[in-house]
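Notes follow once the structure below has been shown.
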Amino acid sequence: MLPRLVILSLGVLASLQLGQADSPEEEQGVRYANRCEACKILAAELEARLGETGKSHDVIETGYSVDDVRPKKRTEYRRSELRLLESLENVCERVLAYNLHKERTDSTRFAKGMSQTFQTLHGLVDKGVKVDLGIPYELWDKPPVEVTQMKTQCENMLEEYEETISDWYFKLQADKSLRQHLCEDHVLKKQAERECLKEELPPPENNPKGDKQEL
């Protein structure tokens, strides 16, 4: 028996997932991350990266002298500027690990794990159904434009608020989260802009397969 052919254009697929479009971008199925979503993910990924680098108990020496006689300053790595710099390096690359879950309408549409839509489409392919989205199959799992754009937003935000992040790292991280300090106190000036910070995925046991990550 010949495989059935399922043809879905990206525009139709997006309209099925998002409903009525309200802007030229949404007419094409594109809805970029707002500042709240971008800040939320930047804070989550930087704190995660700091958690990874903070496990070291190494002591590093800093300072320089020509005669090499004067003692160098000894600093715990986990409290050092070096750890911060290493954690900041390429942190926005981590955004590319996210997928767009268009079946959701709030900020949890950006999350790790395959979306329900693409789980279904991959399942159809596995059963021998030919599915045509208008793009090559090998590109299905590439980061969508909304995610690559959010990486750029992350990089711009990191540059704009580098001093704010540094202040939190050296002085305030024992008192409040980076999300609170960066997003609530600096990036998002109005209460209405902060709504996405309250949005979280449900507990893992209630999630479909593939949606096991929380923001």
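Modelled spin-label separation between residue 180 and residue 90, with each label point placed 7 Å from Cα along the Cα-to-Cβ direction: 3.2 nm.
Amide H to amide H, with H built 1.01 Å from N, residue 111 comes under 5 Å of 99, 101, counting only residues 5 or more places away or on other chains.
Order the peptides 186-193, 77-84, 36-43 from the highest to the lowest mean number of other Cβ atoms within 10 Å of their residues.
Packing order, densest peptide first, comes out as 36-43, 77-84, 186-193.
The stretch between residue 193 and residue 156, if pulled fully straight at 0.36 nm per residue, gains 11.5 nm over its current Cα-Cα span. Of 40/190; 151/176; 102/190; 102/198; 112/142, which ones are farther than 22 Å apart at the Cα? Too far apart for the 22 Å limit: 151/176; 102/190. Potential lengthening of the chain between residue 149 and residue 166 amounts to 3.7 nm, from the contour at 0.36 nm per residue minus the alpha-carbon distance. Here the gap between residue 76 and residue 106, fully extended at 0.36 nm per residue and compared with their Cα-Cα distance, gives a gain of 6.7 nm.
We did not get these values from a lab; they are worked out from the coordinates using the rules stated. What you are looking at is a predicted structure, and each value in this text was computed from that prediction instead of being measured. Every residue, glycine among them, receives a Cβ derived from its backbone with ideal geometry; neighbour counts consider all protein chains shown.
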